[in-house]
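See below for the structure under consideration.
The values are calculated or read from the model by the stated rules, or taken from the named source; none is laboratory data. What you see is a predicted model; the values in this text were computed from it and never measured. No Cβ is skipped: glycine too gets one built from the backbone with ideal geometry, and neighbour counts run over all protein chains shown. These accessible areas exclude ligands, DNA and RNA; they are computed on the full protein's heavy atoms, side chains included. Shrake-Rupley method; radii C 1.70, N 1.55, O 1.52, S 1.80 Å.
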Amino acid sequence: MSHLTYEQRYTISVMLEAGYTQASISEALGRSKSVISREIIRNRDGHSKKYIADLAQRKCDARHKEKNKRIKLSSVMRVYIIEKLEQKLIPEQIVGLSIRNGLDCISHQWIYQMIWSDKKRRGRLCRHLRNRGKRYKKRDLSRKTPGQPSNKRDISERPNVVDQRVRFGDLEVDTVLGKHRKSALVTINDRATGLLKMALVKEKTSGLVTQKIIELLTPWKQLIHTITADNGAEFTKFETIVENLDIEFFFAKPYQSWQRGSNENLNRLVRQYFPKGTDFDKIDPKQIAFVENQINHRPRKRYNFRSPIEMFNQKLHL
């Protein structure tokens, strides 16, 4: 259905002045009641609430003038999008970064369409996405929770300020397994800024993981408050971390990964660089440092497309 014309707006104005109901106006113009109702509410005078045809038309014209025009995909834009995809940015981040830098860009939905079209042609753009174009798998809830110490603290005991994500130093920790489930990456992220610290352990034992966490976080000791982990056996020596770093340690409920959603999402970013099946024994500290740096400089939607390192510097300055 086409937009209302000036003549139709004039008819609405005259009929309202004469005391006709919206239902009568709807019938006279052959438009639905909802169209007439929305037109009157959107385009009437803001103070007197009176509907005037000339004012309604000016309001409508102004809205159409301000409305974003459809941007077409140019060859330059396509090269830019592919470059950002290769840097592991997702479509929403590409669009947000473009807007922030004053660049024209198609919507994130159209970028996804571009990726899926490329995939149908046996292209490889989808391999730059976090899920590499694959569907999620449901978590296996039949697994048993490994034994845990009785003195661990549940996430329900965690201070409310942690949920607010306003202070630096409320951390989440996890491990990313390598080939044969032997060596692993220890990943630690700050809930407020998204900043990542990451390092390799040759075996995913509680002793090595505990030692690596203390090593990574000692430079931040004066800044950190809490750590939240899952119920993996590698965190059973959490009391050593508490004693060395003077922090509080909490555990999420079993199989409720959304309670540590930031860390789960971050691990998916790490997997973009180190896919499942990667032999961590063949990677060196420089590669890990490079990936950590890439992720810490990656724009995030929830920070208005600022990077974790920008957010960290802002928090540190405050």
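Tabulated values for the structure
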| quantity | calculated |
| --- | --- |
| D (Stokes-Einstein, µm²/s), Kirkwood Cα radius, the chain, 1.306 mPa s at 10 °C | 67 µm²/s |
| The chain - mean residue ellipticity at 222 nm from DSSP helices (-39,500 (n - 2.57) per run, n ≥ 4, rounded to 500) | -13000 deg cm²/dmol |
| Mean Cα-pair separation over length for the chain, i.e. relative contact order, pairs under 8 Å, 6 or more apart, % | 14 percent |
| Shape call, the stretch 196-318: gyration tensor on alpha carbons, a/c limit 1.5 | rounded |
| Rounded to 5, the percent of DSSP beta bridges in the chain classed as antiparallel | 65 percent |
| Order by protection proxy (mean Cβ within 10 Å, highest first), peptides 303-310, 213-220, 152-159 | 303-310, 213-220, 152-159 |
| Amide H partners (placed H, <5 Å) of Arg300, local residues excluded | Phe305, Arg306, Ser307 |
| Interchain or long-range residues, amide H under 5 Å from Ala199's placed H | Val186 |
| Three-way shape call for the stretch 16-74 based on the alpha-carbon gyration tensor, with the a/c threshold at 1.5 | oblate |
| Partners for Lys182 among aspartates and glutamates (Cα-Cα distance below 17 Å; same-chain residues under 8 apart left out) | Asp174, Glu203, Glu234, Asp279, Asp281, Asp284 |
| In the stretch 1-103, lysine pairs with alpha-carbon atoms under 26 angstrom apart (chain gap of 8 or more, or interchain) | 15 |
| For Phe249, distant residues with modelled amide H under 5 Å away | Ile227 |
| Residues Val14 and Arg63, FRET efficiency given R0 of 25 Å [Cβ-Cβ distance, rounded to 0.05] | 0.60 |
| Derived scalar couplings ³J(HN,Hα) [the stretch 194-200; Karplus, 6.51 cos²θ - 1.76 cosθ + 1.60; whole Hz; x for Gly, Pro] | x, 5, 10, 10, 8, 7, 9 |
| Highest-first arrangement of 243-249, 71-77, where packing means the average Cβ count within 10 Å | 243-249, 71-77 |
| The stretch 217-281 - percent of accessible surface contributed by carbon and sulfur, probe 1.4 Å | 48 percent |
| Hz values of 3J(HN,Hα) by residue in the stretch 92-102 - Karplus curve (6.51, -1.76, 1.60), Gly and Pro given as x | 4, 5, 4, 5, x, 5, 5, 4, 4, 9, x |
| Length-normalised contact order of the stretch 214-253 in % [C-alpha pairs under 8 Å, at least 6 apart] | 52 percent |
| Ranked by how many other beta carbons lie within 10 Å on average, peptides 40-47, 116-123 from highest | 40-47, 116-123 |
| Karplus 3J(HN,Hα) series, Hz, for the stretch 27-40 with 6.51 cos²θ - 1.76 cosθ + 1.60 (x for Gly, Pro) | 5, 5, 8, x, 10, 5, 4, 5, 5, 5, 4, 5, 4, 5 |
| In Å², nearest 10: area of Arg191 left accessible to a 1.4 Å probe | 10 Å² |
| Solvent-accessible area per residue, Å², over the chain with all protein chains present [probe radius 1.4 Å] | 59 Å² |
| Relative contact order, percent, the stretch 14-99 [alpha-carbon distance under 8 Å, six or more residues apart] | 13 percent |
